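Participant: Handing you this structure, nothing more for now.
The values are calculated or read from the model by the stated rules, or taken from the named source; none is laboratory data. Note that the coordinates shown come from a computational prediction; the quantities given were computed from them, not determined experimentally. Here the Cβ is made from the backbone with ideal geometry for all residues, glycine too, and neighbour counts use every protein chain on show.
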Amino acid sequence: MSPSENKSLKSSAARKLGASLRALRKQSGYTIDELADRVHISAKTLARIEKAESKITVDKLFALAEVLGVAPDELIRRATSPYVSDLGEWPEEAVKDLEFAREFIKAKYSIQ
């Protein structure tokens, strides 16, 4: 893999991670200020992470995952899976419907 391809994959993952964080934040009813306060970072830093303009540390990833009620590996999966689209571009209602469907399927089939 060439350096430019590697950089492109990293930026794509950062955009997906940021979009996932933004979608989860909105679904959880947090403003940027509220979530940033809960994880002890600045609102500016969180906004930059959501826009893929700033790197995220492992500590921040774990703190955000905990407050948002998801496993850290779920955030990474969302950011790196070729089958997960950029939910940040979807209407908020569609994202909520997808999350509801996901939870319904997990409950129906006893998936953890």
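Participant: Between a first residue in the range 90-105 that is surrounded by 11 or more Cβ atoms within 10 Å (Cβ to Cβ) and a second residue that is in a helix (DSSP H, G or I) and among the aliphatic types (A, V, I, L, M), which pairs have beta carbons less than 7 Å apart while being 6 or more apart in sequence or on different chains?
Facilitator: Sorted first by the residue in the range 90-105, then by its partner, the pairs are V95/A23; V95/L87.
Participant: Which residue, of T57, T45, is β-branched (V, I, T), closer than 16 Å to A13 by Cα and at pLDDT 85 or above?
Facilitator: Values: T45 fails: closer than 16 Å to A13 by Cα.
Sole residue among the options that is β-branched (V, I, T), closer than 16 Å to A13 by Cα and at pLDDT 85 or above: T57.
Participant: Do we have S54 as surrounded by fewer than 14 Cβ atoms within 10 Å (Cβ to Cβ) and among the small types (G, A, S) here? If you could, list the steps in order and put the result at the bottom.
Facilitator: Details: surrounded by fewer than 14 Cβ atoms within 10 Å (Cβ to Cβ): no; among the small types (G, A, S): yes.
Answer is no for this residue.
Participant: Residues being free of Cβ contacts under 8 Å to residues at least 60 places away in the same chain and either touching a Pro at 6+ places or on another chain (Cβ under 6 Å) or buried (at least 16 other Cβ atoms within 10 Å of the Cβ) (or both): count how many of those fall in the range 23-37.
Facilitator: Residues that pass the stated criteria total 6.
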